[in-house]
Amino acid sequence: MTKKILIFIITLSNSALLVLMIALGSQNLSQSHNINFGFYLTKEAYPSGFLIGISTILGSVSGGLTTVLLLPSSTKNFS
């Protein structure tokens, strides 16, 4: 159980640090792209590096949390 909690904490802390670095790094970028959701719904312009970084971080979080959920339990049930 402690191994699962440790992996969970490491995954979230690494992802938080990556978000901080991406947020700081995307402050001075001049090229921005709009995100289109449907025909007339568009969101604010974001730098392409920010969009790629956020998708990478979301993949890292989902992979880490999947690992935590799929790790076998340390207690053995012999019934």
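The values are calculated or read from the model by the stated rules, or taken from the named source; none is laboratory data. This is a predicted model, so every value here is computed, not measured. Ideal geometry is used to build each Cβ from the backbone, glycine not excepted, and the neighbour counts take in all protein chains shown.
The one condition from (1) modelled with pLDDT under 85; (2) closer than 28 Å to Leu6 by Cβ; (3) more than 12 Å from the chain's Cα centre (by Cα); (4) not hydroxyl-bearing (Ser, Thr, Tyr) that Phe37 does not meet is (2). Tell me whether the stretch 40-51 contains one or more residues that are at pLDDT below 65, surrounded by 12 or more Cβ atoms within 10 Å (Cβ to Cβ) and either closer than 24 Å to Leu69 by Cα or out of contact with any strand residue (DSSP E or B) (no Cβ under 7 Å at 6 or more places or on another chain) (or both). No, that holds for no residue.
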